[in-house]
Amino acid sequence: PKDFNSYGARRGNHEVMIRGTFANIRLRNLLAPETEGGWTKHLPDGRVTTIYEASMHYQQEGIPLIVMAGKEYGSGSSRDWAAKGTLLLGVKAVIAESFERIHRSNLVGMGVLPLEFPPGENPKTLGLTGLERYSVEGIAAGIVPGCKCTVRAVSDNGRETAFSVVARVDTPEEATYYRHGGILPYVLRQLLQDGGSAARKS
């Protein structure tokens, strides 16, 4: 029906919204340069498929995901589903040259870690293709505003590239939200804690 011809009209249907998270027809994914829109390459088989289908395979395989991007990541009409969908697709961190202000905050609120390249660095200058296996060091010690983390990228031939990034968790409150896995888990834990305290007092 014409009343449901946009993602905004279907915001209550997570099955639709998660499929639309990276479905912008202007999206250019360098893992699948011959395509436009929500396509990617599933590794290690190299099969080109939709971002949603690849995400479901990775989640079944227990493989967490990252997004690598350029400048002003998240620009456009800011929607809460842009961050929600990212989380539901299994993305744990976004590494970008810079972030749109509201989307960066929304990512933290969903428990997705925004990481920023130092000025002048990006995947191209570091010689990264996106085909590497990535790990982020420094999270277990605790994220604080503006802290630095080390990202290690290992290619199939064993070549390792290590680079520093800044955790764009900008306030102590955001650090607390991230530590709890996002705003909602934090609020729920606070409610349970307050409820337990009230029960003990009564």
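The values are calculated or read from the model by the stated rules, or taken from the named source; none is laboratory data. As the structure is a prediction and not an experimental result, all values here were calculated from the model. So basically every Cβ, Gly included, is an ideal-geometry build from the backbone, and we count neighbours across all protein chains shown.
Residue-by-condition table, conditions (1) touching a Cys at 6+ places or on another chain (Cβ under 8 Å); (2) closer than 22 Å to residue 74 by Cα:
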position: 125; (1), (2): no, yes
position: 139; (1), (2): yes, no
position: 150; (1), (2): no, no
position: 165; (1), (2): yes, yes
position: 176; (1), (2): no, no
position: 180; (1), (2): no, no
position: 188; (1), (2): no, no
position: 191; (1), (2): no, no
Please go through region 133-166 and pick out each residue that is buried (at least 16 other Cβ atoms within 10 Å of the Cβ) and closer than 14 Å to residue 66 by Cα.
134, 136, 151, 153, 165
Need pairs with beta-carbon distance below 7 Å; first residue farther than 15 Å from residue 87 by Cβ and within region 1-29, second at pLDDT 85 or above and hydrophobic (A, V, I, L, M, F, W, C); sequence gap 6+ or separate chains.
7/17; 10/17; 11/17; 11/81; 29/39
Of (1) surrounded by fewer than 19 Cβ atoms within 10 Å (Cβ to Cβ); (2) within 27 Å of residue 48 (Cβ to Cβ); (3) touching a helix residue (DSSP H, G or I) at 6+ places or on another chain (Cβ under 9 Å), residue 125 fails just (3)
Residue hits (region 1-47; modelled with pLDDT of 80 or more, of a type in the set (A, V, I, L, M), surrounded by fewer than 17 Cβ atoms within 10 Å (Cβ to Cβ) and over 25 Å from residue 71 (Cα atoms)) are 16
Where in region 130-202 are the strands (runs of 3 or more DSSP E), entirely inside, with at least 2 residues that are of a type in the set (Lys, Arg) and at pLDDT 95 or above?
148-154
Any chance residue 51 is aliphatic (A, V, I, L, M) and closer than 27 Å to residue 121 by Cβ:
yes
Pairs returned, first residue in region 163-181 that is closer than 19 Å to residue 96 by Cα and in contact (Cβ under 8 Å) with a residue 24 or more places away in the chain, second residue that is among the aromatic types (Phe, Trp, Tyr) and crowded, with 21+ Cβ neighbours inside 10 Å, beta-carbon separation under 7 angstrom, 6 or more apart or interchain, are 165/117; 168/99; 169/178
